[in-house]
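Report on one structure; see the data block that follows.
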Amino acid sequence: MVHETVPKVELHCHLIGVLNSALLGDLAKAGEKVLVEPCGVTPVGWGEGADGFANWLVRVDPYKSASWRQFLPILGWHIERLVAQNVVYAEMMISPLMFSRDLAQATDEFSEFQEWVWDRENGRIQIEFLFLVPRSLPDELIDKDIARCVALGKSQGISGISIAGLERDCPVSRFRRMFEVLKDHGLGIEIHAGELGDSEEVREAIDVGLADRIGHGIAAFTDDGLVDRLIADNVHIEFCPTSNLKMGAAKSIASHPIGRARDLGMNFSINSDDPGAFDCDMASEFQLVERAHDFSRPDFEAVARNSLLSRFQPKLRYQSDARIQHLLSENVAVGAGRGLIGV
């Protein structure tokens, strides 16, 4: 299939969501410490929806407060999987709880973490990180997280933040000051919206959240005016097809709005979201889209280029990579709705 040889860029993946039974079993056999029984980490089943995903999160609960060192073998395994799938650049969402609450110590820890990641990249792939901020974050911790994000952003430890959680229960307006401060410091803002909520939550993510990218965004396609706005403002949509299906955001892959987004020349990416939880990976996501929506090589190359140009880390460490050079060349069309941004 054509997607197999096209370079891929992933912008929406949760590190904790990588966990699955096979991975944990392999790590346990290799003598690595695992925090849950591998056989208990089964993926979300079809039709289970948000409740099924909530149950999956319960099964991996010990990893929610695990330190960055405990995630190293998991991340190393995942990097090799990404490389094998021809992924050239990836941004991953990680929990601030992986690092010390003490700002100076957290900065030192992240520097060591980053050095480890760069060593594993070995010129084959670039991995960047976003801090995941839950919508339910207590008010008293917001200012502390702002300080951590700014400090780690200055050292290029993180490239931005991601806001996730139940949309209707916790509006993004709670984080207005955080968004303004992070924008002033050049950090990217991604907001999960329009997955299980309605189109107004996508609009709020743009107007109040100052979002550069929208995670999922399925509900936006029920509002033609909002779609026009997304195109005009060049807002990037992070589609996660299997996740969207298993969570019930999309009824079928045939009706998934990714085909419409392609036809309109919109700015979007294809992502795995939580590959362990949803039993998918980048290769299977691209295959799903190719079969259901007849994506061509130029379509996939445009997706990869748009994704790369929508990254939050301005510096490309391996720009001499022929795959990166190709995606940034004028030979790859970007679609009617896409304007170029700096590289």
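The values are calculated or read from the model by the stated rules, or taken from the named source; none is laboratory data. This is a predicted model, so every value here is computed, not measured. Glycine gets a Cβ as well: all are built from the backbone with ideal geometry, and neighbour counts include every protein chain shown. These area figures cover heavy atoms from the full protein model, side chains too; ligands, DNA and RNA do not enter into them. Shrake-Rupley method; radii C 1.70, N 1.55, O 1.52, S 1.80 Å.
Just the residues that are of a type in the set (Val, Ile, Thr) and more than 21 Å from Met1 (Cα to Cα), please, taken from segment 76-108.
Of the residues in segment 76-108, the ones of a type in the set (Val, Ile, Thr) are 79, 83, 87-88, 94, 107.
Matches in segment 76-108: Ile79, Ile94, Thr107.
Restricting attention to segment 310-326, report how many residues are touching a residue at least 40 places away in the same chain (Cβ under 8 Å) and either in a helix (DSSP H, G or I) or among the aliphatic types (A, V, I, L, M) (or both).
Counting residues in segment 310-326 that are touching a residue at least 40 places away in the same chain (Cβ under 8 Å) and either in a helix (DSSP H, G or I) or among the aliphatic types (A, V, I, L, M) (or both) gives 4.
Out of curiosity, is Leu166 assigned to a helix (DSSP H, G or I) and at negative phi?
Answer is no for this residue.
Tally the residues that are touching a residue at least 40 places away in the same chain (Cβ under 8 Å) and either within 30 Å of Ala304 (Cβ to Cβ) or surrounded by 20 or more Cβ atoms within 10 Å (Cβ to Cβ) (or both), restricting the search to segment 10-36.
Count: 13.
Within segment 297-304, can one find any residue that is assigned to a loop (DSSP other than H, G, I, E, B) and surrounded by fewer than 22 Cβ atoms within 10 Å (Cβ to Cβ)?
no
Name the residue, out of Phe221, Phe239, that is open to solvent by 10 Å² or more (accessible area, probe 1.4 Å) and aromatic (Phe, Trp, Tyr).
Exactly one of Phe221, Phe239 is open to solvent by 10 Å² or more (accessible area, probe 1.4 Å) and aromatic (Phe, Trp, Tyr), namely Phe221.
Look through Ser255, Ser243, Ser269 and report the one residue that is polar (S, T, N, Q), part of a loop (DSSP other than H, G, I, E, B) and modelled with pLDDT of 95 or more.
Ser255
Of (1) hydrophobic (A, V, I, L, M, F, W, C); (2) open to solvent by less than 10 Å² (accessible area, probe 1.4 Å); (3) farther than 15 Å from Asn244 by Cβ, Ile214 satisfies all except one. Which?
Looking at each condition in turn, Ile214 falls short on (3).
Among what's in segment 242-268 and is touching a Phe, Trp or Tyr at 6+ places or on another chain (Cβ under 6 Å) and either of a type outside the set (D, E, K, R) or open to solvent by 30 Å² or more (accessible area, probe 1.4 Å) (or both), pick the residue that is nearest to His293 (Cα to Cα).
Going through the qualifying residues, I end up with Ile258.
Quick one: how many residues across segment 180-205 are touching a residue at least 12 places away in the same chain (Cβ under 8 Å), farther than 21 Å from Met92 by Cβ, of a type outside the set (Ser, Thr, Tyr) and not in a loop (DSSP other than H, G, I, E, B)? Write out each step before concluding.
Going through segment 180-205, the residues touching a residue at least 12 places away in the same chain (Cβ under 8 Å) turn out to be 180-183, 185-199, 201-205.
Now drop any that are not farther than 21 Å from Met92 by Cβ, which leaves 180-181, 183, 194, 196-199, 201-204.
Cutting the leftovers down to of a type outside the set (Ser, Thr, Tyr) gives us 180-181, 183, 194, 196-198, 201-204.
If we keep only those that are not in a loop (DSSP other than H, G, I, E, B) as well, we get 180-181, 183, 201-204.
Looking only at that region, the number is 7.
Which of the following residues is of a type outside the set (Ser, Thr, Tyr) and either farther than 23 Å from Ala304 by Cα or open to solvent by 40 Å² or more (accessible area, probe 1.4 Å) (or both): Leu187, Leu196?
Leu196
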